[in-house]
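Notes for the one structure printed next.
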Amino acid sequence: MSYLELLKLAMPEAIVLVTALVVLTIGLTSGRRTAEAEAITGNARAAKALCTLVAAVGLVVAIGSVLMLPQSSNLFGGMLVISPLNSLFKIVCLALALATVLLAISDKSVRHYAEYLATLLFAAIGLMLLVGSEELLMIFIGLELLGLSLYVLTAFDRTSIRSAEAGLKYFLFGSTASAFTLFGISLIYGLSGSTALAGIAPKISEAAHQPLLAAGIIMTLVGFAFKITAAPFHLWAPDAYQGAPASSGAFIASGSKVASFVVLGKIVLVGFATAHGSANWHAMIGGWSPLLAALAALSILLGNFVALAQTNVRRLLAYSAVAHTGYTLIGIIAGTSAGFAAALFYTTVYAITLIGAFGVCGAVRAETGDDDLKNFAGLSTDSPFLAGCMAIFLLSLAGIPPLAGFFGKFYLFSTALSRGPSQGLIWLVAVALFGSFISLYYYLMVLKTIWVDRTTAQHPALHPAASARAVLLVTAVAVLVLGLLPESLVRQITFSLR
């Protein structure tokens, strides 16, 4: 294969890379605003708008180039795989990055804006490498590119001690998780002689009872448990969600999670298929399935119970994210293509919802100085638009019909229950239903503060930037439409898995 042919197949990643370099060039040539300056000059404002426009156009063009890719192709033993599934979720990841770019322009905590957008675009490339690969070493490279970018995005607000602390914690936990992942990959390679997922499965079946295989699978899953914020590997998430700039938190909670679940599903359902085991309550069998089931149950219970005690909305969303990780894992544990499709639908809907929720939190924080629960008091009076959007997002997270979160949970749970005639995963579904019931309290608590409570503090009217309002409107409409007409996305995901 010639270099030109390879470049054509990697065109979406190349476009995003060139866009990042152009944005950096604009930032360097337009001059910098010192950290001490409070007022943004006209030139700086124009440069900021130009950087946003270039980043947005680059992402849109990259989405178009994904649509022009061939139906299927497999290069270098799975290092770059083009398939309907990979193309679909590259588009999802690019769309989430685009929404984050449009939210970032109104984020007052973001300084050195061009560098911020460039780092965000590098993170988007990491997402695309993750989604578009079925080879462990390339997956690891994608994880590291994504991780390093997210560490920087988390600590980008140099005026906030919380941001610095969050970035440091994220980096330390992420480095440890990467070490576990790499160690696990090395053990899997030693046993199978291959790093391609398709080549690992048959070799694993021959080494089914070797302790090194169990160690390799466990270490690999530990690394991914960190990425998807599964308990007890979630300790970085509350600080990162709360301390990072709002747009950074939105991207961490959405894009990173979508790509991680896509890759995790490929690894366990393709690479580790012969080591599935069983998580059935009446017939536990060793493998990755009971391990993920234990992580799912712990995530659901711990995430929901700890969220009850939170007084900061973004921290509450972080512990809620731990619980939603547990729900999503149920689809993967089912071990079928229908279960994987349900997990992918749910994580996509969840990502869209979190982008919107973080956008509202960012708007409140920009005007009130913080996003504690008390700062949301009277939001329905100050900004009915923001209050209405937040109500849609929280009710969807709670699983209230007819919003997308309800159908996502119904799809997940019904898939798990229909896995076999014995309904062995009914215990996990029961834990998830119990967790969903608990979550109603803290979601409704936030809505009560927004719609019922009144505050004596005088806050200015909340008027986020037009681009941020557009993102909130589009995400709110998407959550409603995907709840009423989920077949469009479900059909696309199901088709891509054939």
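Every number here is computed from the coordinates shown, using simple stated rules; none is lab data. Owing to the predicted nature of the structure, the values given are computational and were not obtained by experimental measurement. Methodologically, a virtual Cβ is constructed for each residue, glycine included, from the backbone with ideal geometry; neighbour enumeration extends over all protein chains shown.
Please grab the % of Cα pairs in the range 225-374 that end up more than 26 Å from each other.
Everything past 26 Å amounts to 26 percent.
Please enumerate, by chain and number, the lysines with C-alpha under 19 Å from the C-alpha of LYS448, excluding those fewer than 8 residues away in the same chain.
Cα-Cα hits under 19 Å: LYS374.
Taking θ = phi - 60°, what integer Hz values does the Karplus form 6.51 cos²θ - 1.76 cosθ + 1.60 yield along the range 70-78, in sequence order, with x for Gly and Pro?
x, 4, 8, 6, 9, 10, 6, x, x
Starting from the Cα of LEU473, step 7 Å along the direction of its Cβ; do the same at ALA294; then give the gap between the two resulting points in nm.
A separation of 5.0 nm, rounded to one decimal place.
By count of other Cβ within 10 Å, fewest leading, how are TRP451, TRP281 ordered?
Result, fewest neighbours first: TRP281, TRP451.
How many nm separate the modelled label positions at ALA309 and ALA430, each set 7 Å beyond the Cα in the direction of the Cβ?
Between ALA309 and ALA430, the label points sit 2.7 nm apart.
Cross-link partners among lysines for LYS266, C-alpha distance below 16 Å, same-chain residues fewer than 8 apart left out?
LYS90, LYS227, LYS257
How big is the shadow of the Cα convex hull of the range 347-460, averaged over all directions, in nm²?
Reported value for the Cα convex hull: 7.5 nm².
Give the share of C-alpha pairs in each 5 angstrom bin for the range 282-498, from 0 to the last occupied bin, in whole percents, shortest bins first.
1, 7, 15, 18, 18, 15, 10, 7, 5, 2, 1, 0, 0
How long are the semi-axes of the ellipsoid equivalent to the range 69-150, from square roots of 5 times the Cα gyration tensor eigenvalues, in whole Å, largest first?
27, 14, 7
What whole-number value in cubic angstrom gives the convex hull volume per residue for the C-alpha atoms of the range 296-398? Each step should come with its number before you reach the end.
Working: hull volume 8.2 nm³, N = 103.
Dividing the Cα hull volume of the range 296-398 by its residue count gives 79 Å³.
Compute the label zone of VAL270 within the range 184-217: residues whose backbone N is under 14 Å from the point 7 Å along Cα-to-Cβ.
Those under the cut-off are 195-202.
In vacuum, with every alpha carbon of the range 360-405 counted as one equal point scatterer, what does the Debye formula give for log10 I(q)/I(0) at q = 0.18, 0.23, 0.32 Å⁻¹? Two decimals, please.
Those come out to -0.55, -0.80, -1.10, one per q.
In which sequence would TYR319, TYR3 go, from the one with the fewest C-beta neighbours within 10 Å to the one with the most? Before the final figure, lay out the partial values.
On the way: TYR319 27, TYR3 7.
The order, fewest Cβ neighbours first, is TYR3, TYR319.
Between GLU206 and GLU487, what FRET efficiency follows from the Cβ-Cβ distance if R0 is 41 Å, with the result rounded to 0.05?
Values: r = 42 Å, r/R0 = 1.02.
Using R0 = 41 Å, I get an efficiency of 0.45.
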